[in-house]
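Only one structure is covered here, and it is reproduced in the block below.
FYI, it's all coordinate maths here, none of it is from the lab. None of the values given here were measured: they were computed from a predicted structure. Reconstructed Cβ throughout: ideal geometry from the backbone, glycine too, with neighbour counts over all protein chains shown.
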Ligand code: PEP
Ligand code: MN
């Protein structure tokens with residue numbers, strides 16, 4: 001199990017794998033750091049066609065080559081059984097399911113079938129829409145396929161009203177998920193929640209205060225030039241500084257000792273209140289237009 005150490009899991013790396021040089025820079029800048037798993041998208045589910053859709057199999061070869069020189073674990077997103085087949089062929093350590101895949105029970109069934117009998121950790125992002133049942137359904141489908149090492153990733157939700165986030169966090173949903181599945185580690189992805197590197201610290205900090213089990217953060221050697229999600233990626237230096245300033249291991253010890261069930265429920269209520277307040281404000285703005 002990836003999470004045996006009891007410490008929060010840190011997953012970091014580029015939105016998309018773009019070049020061998022980029023991968024080398026990321027791997028070497030994380031050497032001897034707090035990062036447990038490197039992330040790198042090989043196939044990108046882009047909203048708009050004709051944007052960069054990932055480097056594909058070529059990137060898996062770069063990963064395999066670099067692993068001969070450096071010792072690291074890496075996660076890639078899979079959206080089809082073919083992705084799974086290739087990821088396994090190149091000995092990728094961890095797979096993740098993207099938010100646009102979690103919404104589709106057909107896709108999840110196909111992917112779950114393709115990992116039957118394979119011993120690999122799977123990270124499941126929340127679905128893009130605020131529907132906890134879909135998220136749970138995906139977990140159950142992978143469990144039914146025999147996957148034991150499952151983690152959930154909170155990356156926020158698409159809503160139809162304007163707010164300061166790319167994907168509204170709606171903290172009450174992951175908190176309810178955590179209460180229902182206390183054995184499944186909950187990882188926060190502040191990069192996709194915020195869509196903006198300036199907001200990453202505050203979201204990451206909040207997730208630690210809520211006793212999350214880890215972070216997934218997008219890091220690129222040259223964020224401005226990134227082929228996807230340029231606004232939300234951090235440089236390796238900024239990322240390492242962020243992790244140091246969050247002091248996650250110390251915070252975690254204190255939180256685990258202090259957080260009672262009552263406090264967890266208070267947190268859920270508090271977050272629901274915030275969400276109601278945001279929705280009420282949006283309603284007021286709309287009403288003003290009539
Ligand atoms: C990603 O992790 O780069 C990604 C595409 O994320 P999501 O599925 O959360 O949109
Ligand atoms: Mn991304």
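For residue 254 and residue 68, calculate 0.36 nm times their separation in residues minus their Cα-Cα distance, and state this gained length in nm to one decimal. Don't jump to the answer; show the numbers that get you there.
Values: separation 186, 0.36 × 186 = 66.96 nm, distance 3.88 nm.
Answer, rounded to one decimal: 63.1 nm.
Pairs of Cα atoms nearer than 8 Å and 6+ residues apart set the relative contact order; for the stretch 73-163 it is 28 percent.
Beta bridges from DSSP with both residues in the stretch 9-289: antiparallel share about 5 percent, rounded to the nearest 5.
The sum of -39500 (n - 2.57) across all DSSP H runs of n ≥ 4, divided by the residue count of the chain, sets its helix-only mean residue ellipticity at 222 nm to -14000 deg cm²/dmol.
Rounded to the nearest 10 degrees, what's the angle between the helix 57-69 long axis and the longest principal axis of the chain, both from Cα atoms, 0 to 90? Once rounded, one gets 70 degrees. Checking the a/c ratio against 1.5 first, then a/b against b/c, what shape does the Cα gyration tensor give for the stretch 150-280? Oblate. Relative to the dominant Cα principal axis of the chain, helix 20-29 is inclined by about 70°. Here r is the Cβ-Cβ distance between residue 164 and residue 262 and R0 is 35 Å; the resulting FRET efficiency, rounded to 0.05, is 0.70.
For a Förster distance of 41 Å, can you work out the FRET efficiency between the beta-carbons of residue 181 and residue 290, rounded to the nearest 0.05? In this case the efficiency is close to 0.45. Here, the chain yields an orientationally averaged convex hull projection of 15.6 nm² when only Cα atoms define the hull.
Between residue 5 and residue 91, the modelled labels are 2.2 nm apart [label points 7 Å from Cα along Cα→Cβ]. If you plug the beta carbon distance of residue 225 and residue 131 into 1/(1 + (r/R0)^6) with R0 = 30 Å, you get a FRET efficiency near 0.25. For the peptides 264-272, 7-15, 54-62, 186-194, the ranking by packing is 186-194, 7-15, 54-62, 264-272, with the highest mean count of neighbouring Cβ atoms within 10 Å listed first.
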